[in-house]
Amino acid sequence: MDRFAVGFARPDRWSHGQSTEHSHPWHAVEAHRPAAELDGEIELALCGAIVQVWGSQKWARVGSGRTACPECRRITAAAKPLTPAR
């Protein structure tokens, strides 16, 4: 099971007063069950955003892109396994 699912900040879920243009719509969601079971669910992202989970997306791939939430990237970076010293 993946440790993080991917959530998308839908425009209808953003707070009033925020711009409809959102440059970092992808967020990390703690996967308390398989991402496929979370698909379509509304969840709280690690950064506190309310997002809809997209079970077909992998955080390892989305989190490395320019449209991923910087705070979610920062939080999940600490969870990455260390590579062995050579």
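Restricted to the range 37-50, and to residues there that are surrounded by 14 or more Cβ atoms within 10 Å (Cβ to Cβ) and among the small types (G, A, S), the residue that is modelled with the highest pLDDT is A45.
Candidates are the residues of the range 1-13 that are assigned to a loop (DSSP other than H, G, I, E, B) and either of a type in the set (A, V, I, L, M) or in contact with a Gly (Cβ under 6 Å, 6 or more places away or on another chain) (or both); the one that is modelled with the lowest pLDDT is M1. For the range 53-64, the set of residues classified as closer than 16 Å to R33 by Cβ and not in a loop (DSSP other than H, G, I, E, B) consists of V53, W59, listed by residue number. Step by step: first the residues of the range 60-69, then only those that are closer than 18 Å to E43 by Cα and not small (G, A, S), then the one that is modelled with the lowest pLDDT. Which residue is that? Of everything passing the filter in the range 60-69, V62 is modelled with the lowest pLDDT. So, A79, is that one out of contact with any Asp or Glu (no Cβ under 7 Å at 6 or more places or on another chain), modelled with pLDDT under 90, of a type in the set (A, V, I, L, M, F, W, C) and not in a helix (DSSP H, G or I) or not? Yes: the conditions hold for A79. The residue list H22, H16, H32 contains one member that is modelled with pLDDT under 90, surrounded by 13 or more Cβ atoms within 10 Å (Cβ to Cβ) and assigned to a loop (DSSP other than H, G, I, E, B), which is H22.
The values are calculated or read from the model by the stated rules, or taken from the named source; none is laboratory data. All values derive from a computational prediction rather than experimental measurement. A quick note on method: Cβ atoms are made from the backbone with ideal geometry, for glycine too, and the neighbour counts reach across all protein chains shown.
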